[in-house]
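> Provided herewith is a single structure, encoded as structure tokens, for subsequent inquiry.
The values are calculated or read from the model by the stated rules, or taken from the named source; none is laboratory data. The model shown is predicted, which means the values in this text are computed figures rather than measured ones. Every residue, glycine as well, gets a Cβ built from its backbone with ideal geometry; the counts of neighbours run over all protein chains shown. Keep in mind that these areas ignore ligands, DNA and RNA; they rest on the heavy atoms of the full protein, side chains included. Shrake-Rupley method; radii C 1.70, N 1.55, O 1.52, S 1.80 Å.
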Amino acid sequence: MNNAIFAFIAYALLWAMLIAYIVILAKRQSEMRGQLDEIEHALTTQDTKQE
Amino acid sequence: MKDLTINSTPQKQYRPGTSLVITAIASTVALSVGFYMALIYAPEEALQGGAQRIFYLHVPALWVGALAFLVVFISSLGYLFSRNTIWDIIARSSAEMGVIFLTLGIVAGAIWARPIWGIWYSFDPRGTTTLVLWLTYVSYIMLRSIVGSGPRTSRLSAFLGIVGFINVPLVFMATRWWRTLHPAPTIVTSDSESGMPQEMFLAFLVCLGAFTIFYAFLMIYRVQLEQIVERVQTARSTLGLF
Amino acid sequence: MKKRAFGKDLPGLIQQTWLLLKKDALVELRSKESIPLMIVFCIVSLVIFNFTFDLRTSNVTLLAPGILWVSFIFSGLLGLGRSFTRETERETLAGIRLAPVDPAAIYLSKMLACFFSVTILQLLLTFLMVVFFDVNLAKPFVAVALPLGSLGFAAIGTPFAAMTMNTRAREALLPVLLLPVLLPLVLAVVSSTALAMDNVEWNEISLWIHFLIGYDVLFLTISFLGFQIIVEE
Amino acid sequence: MDGTNLTAINLGKKFHQHQFVLRHLDLHVKPNQRVGIFGPNGAGKTTLLKLMTGLFRPTEGTIEIDGISPFSGAEGARIRSSLGFVSHQTYLYNEMTVLENLDLHGKLHGIKERRTRIITSLENVGMTDHMNRPVGQLSRGMQQRIALARSTLHEPELIVFDEPDTGLDDFAREKLQGFMQTGLSERTMIITTHNLELGMAVTDRWIILLNGVIAYDIDSVATTNEDFSYTYKQIMSSTP
């Protein structure tokens with residue numbers, strides 16, 4: 001049935017969008033966690049220097 | 001200078017913890033079940049055929065969009081009364097989520113409308129209201145990105161979040177009256193839900209629930225991310241102060 | 001005992017509003033900036049509409065309400081943005097806020113200033129519509145719908161103009177933020193203008209008029225209460 | 001007149017989400033004290049003054065004038081009207097005449113006998129001859145004098161100057177200095193300026209603000225002009 005193709009497109013689109021969104025979020029989160037670790041590391045070395 | 005370190009960040013921190021894991025598992029299960037029911041379990045609709053199955057996606061996506069904007073409205077009010085940044089983080093996360101789900105809902109609706117109505121889009125009350133809702137929150141996100149982060153942005157976007165949401169029923173009323181007082185387009189706008197077989201209704205409900213849980217999962221994840229960003233940037237400016 | 005409304009000192013509020021309104025009028029009279037700009041823009045847009053829609057007597061009554069209100073909204077947006085950017089150029093609004101002035105008085109004065117200037121614009125626009133396109137707009141219900149539309153525009157346009165006054169790209173941001181909120185108003189005024197031109201009875205048009213009154217009251221209240229959070233820094 | 005005291009406790013202000021312009025700032029200004037605040041551009045001087053006058057709302061901490069926050073309703077409004085603020089922005093409408101500008105501010109402050117008060121304050125700054133001219137036609141120095149008249153119109157007990165000497169020539173600066181020394185006696189005064197000499201001449205407590213915190217705070221009797229200038233230059237040269 002021709003109509004089923006439309007349904008298929010809709011569902012494929014849904015999954016593509018949502019997966020893309022989650023991937024973007026996850027990428028950003030891991031990037032930020034990396035930066036946070038870096039900064040925390042910098043802070044602790046600075047603290048020990050001061051002491 | 002000790003108290004300037006990042007440990008003194010005033011907001012409560014969400015640790016990547018139980019709530020995230022639970023919603024992640026729950027939404028995976030619920031979405032899988034939902035799609036099984038939508039695509040296989042539910043019977044084929046006699047008139048519309050396969051295209052009707054888009055409804056199990058279209059309506060829940062729009063519902064989550066509307067729910068997300070309700071959350072923006074409530075957290076905007078919460079921010080204005082408490083001035084706690086967490087409300088603002090929830091508002092901006094939810095606005096972004098709402099735009100994504102609404103876009104999905106609108107696109108899915110257009111894909112459905114093409115074989116059934118023969119047109120991609122109809123400016124009927126529901127269509128127009130959805131589009132205005134979408135426009136309002138796209139402009140909300142634009143306002144935030146143009147003004148930049150800060151308390152002023154939070155206040156301005158809270159005002160927009162409130163006014164934009166209150167505007168929605170007005171748009172719906174105005175477009176409905178507009179059509180009743182003008183020649184209406186010759187398309188059937190009713191979904192004729194009354195005659196829905198029980199299997200269909202069940203599949204529909206499961207999808208609705210699954211999308212809602214999925215929204216909750218994304219929100220928790222998004223808010224957590226936003227808090228990490230906040231910590232990184234606070235830490236950065238603290239380093240700059242040394 | 002002082003009269004109070006929304007926890008505000010009412011006579012003081014009225015007096016401050018009046019002072020600030022007079023100030024705005026004086027500045028506009030001396031600089032002759034916003035209103036002439038709005039009027040010229042309006043005439044230009046009417047000329048463009050005339051050609052793009054190829055207006056003739058056969059179709060002009062059908063299109064007139066739409067043309068009237070589209071010209072009005074876009075010219076009004078121009079003046080609205082101007083009234084606040086003028087205050088930021090020399091930070092004069094900060095000067096006002098140094099005095100013990102209620103932000104609600106700033107809102108009311110700016111809203112009324114906007115209302116009066118768009119009313120002038122509207123009278124002229126109606127006159128030009130009659131002259132250019134020979135449509136009959138001298139109907140009693142038109143006289144009801146026009147001021148209600150202007151009031152709603154001023155009521156919700158003022159806080160949005162204040163929101164965008166210190167931002168980048170404010171000329172573009174203001175319409176993007178404001179137009180979705182104005183949509184119900186536009187539908188209501190265009191519909192009621194069209195119905196009024198058809199000489200309908202009151203009961204046919206009353207729905208829209210009530211809608212307009214409700215819209216105006218709702219957004220006046222929200223803006224009145226919320227203006228403080230927009231102007232404070 | 002007892003003068004006004006000002007207390008800031010743990011004051012903090014940020015405009016962007018993660019950057020505090022001021023943070024953990026404690027300051028107490030005694031009645032009739034004259035405080036000079038010095039520091040490089042971007043140290044947070046203007047922000048501090050705008051917080052004092054209630055133009056900015058603090059992100060953290062409190063600011064109180066005579067024990068009352070400028071944001072506390074009707075009481076706060078009364079306190080705000082006992083403040084005067086002279087900025088490098090004149091806050092005047094160019095299209096309106098000097099008299100109209102002052103009259104507007106007089107009315108907003110609810111001053112009775114406005115006419116005499118306006119004349120007096122214009123006499124103080126030597127601008128009575130120009131009161132019917134639009135502000136836009138006056139020179140920068142003249143506009144600054146009108147701004148001074150505007151901010152002293154309601155006889156504030158606490159006057160805050162934010163780089164009032166910007167764009168003034170030597171003659172105008174001398175007049176300003178004279179006015180600050182003699183015309184504003186019995187008032188609490190806070191002034192920021194890049195002109196160390198002018199600042200030291202009109203104040204008796206000197207503060208150096210650096211990166212949003214108070215780096216140095218001393219009474220003029222406890223130091224000499226030379227010593228303070230030396231410290232100031234030391235601190236200024238230590239900034240990146």
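> In segment D:97-131, what count of residues is obtained for those that are assigned to a loop (DSSP other than H, G, I, E, B), more than 12 Å from every other protein chain (Cβ to nearest Cβ) and over 26 Å from residue D:170 (Cα atoms)?
Count: 2.
> Of everything in segment D:140-161, what is crowded, with 23+ Cβ neighbours inside 10 Å and charged (D, E, K, R)? Give them in sequence order.
Correct list: D:145, D:150.
Matching residues to (1) among the aromatic types (Phe, Trp, Tyr); (2) touching a residue at least 24 places away in the same chain (Cβ under 8 Å); (3) within 21 Å of residue C:31 (Cβ to Cβ):
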{"residue": "C:79", "(1), (2), (3)": "no, yes, yes"}
{"residue": "C:98", "(1), (2), (3)": "no, no, no"}
{"residue": "C:103", "(1), (2), (3)": "no, yes, no"}
{"residue": "C:115", "(1), (2), (3)": "yes, yes, yes"}
{"residue": "C:119", "(1), (2), (3)": "no, yes, yes"}
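> Hey, among C:187, C:146, C:183, which residue is of a type outside the set (Phe, Trp, Tyr), open to solvent by 10 Å² or more (accessible area, probe 1.4 Å), facing chain B (nearest Cβ under 8 Å) and under 12 Å from residue C:209 (Cα atoms)?
None of the others qualify; the one that does is C:187.
> In segment C:196-233, what count of residues is obtained for those that are more than 9 Å from chain B (Cβ to nearest Cβ), more than 30 Å from residue C:136 (Cβ to Cβ) and open to solvent by 30 Å² or more (accessible area, probe 1.4 Å)?
Within segment C:196-233, residues that are more than 9 Å from chain B (Cβ to nearest Cβ), more than 30 Å from residue C:136 (Cβ to Cβ) and open to solvent by 30 Å² or more (accessible area, probe 1.4 Å) number 5.
> Tally up the residues in segment B:152-165 that are touching a residue at least 12 places away in the same chain (Cβ under 8 Å) and open to solvent by 30 Å² or more (accessible area, probe 1.4 Å), please.
1
> Out of (1) polar (S, T, N, Q); (2) buried (at least 19 other Cβ atoms within 10 Å of the Cβ); (3) within 25 Å of residue C:21 (Cα to Cα), what's the single condition that is false for residue D:137?
Of the numbered conditions (1) polar (S, T, N, Q); (2) buried (at least 19 other Cβ atoms within 10 Å of the Cβ); (3) within 25 Å of residue C:21 (Cα to Cα), the odd one out for residue D:137 is (2).
> Scan segment B:117-124 and give yes if some residue there is within 14 Å of chain D (Cβ to nearest Cβ) and either in a helix (DSSP H, G or I) or crowded, with 19+ Cβ neighbours inside 10 Å (or both), otherwise no.
Going through segment B:117-124, the residues within 14 Å of chain D (Cβ to nearest Cβ) turn out to be none.
Scanning segment B:117-124, I find no residue that is within 14 Å of chain D (Cβ to nearest Cβ) and either in a helix (DSSP H, G or I) or crowded, with 19+ Cβ neighbours inside 10 Å (or both), so the answer is no.
> Scan (1) within 14 Å of chain D (Cβ to nearest Cβ); (2) at pLDDT 85 or above for the single condition residue B:93 breaks and write down its number.
(1)
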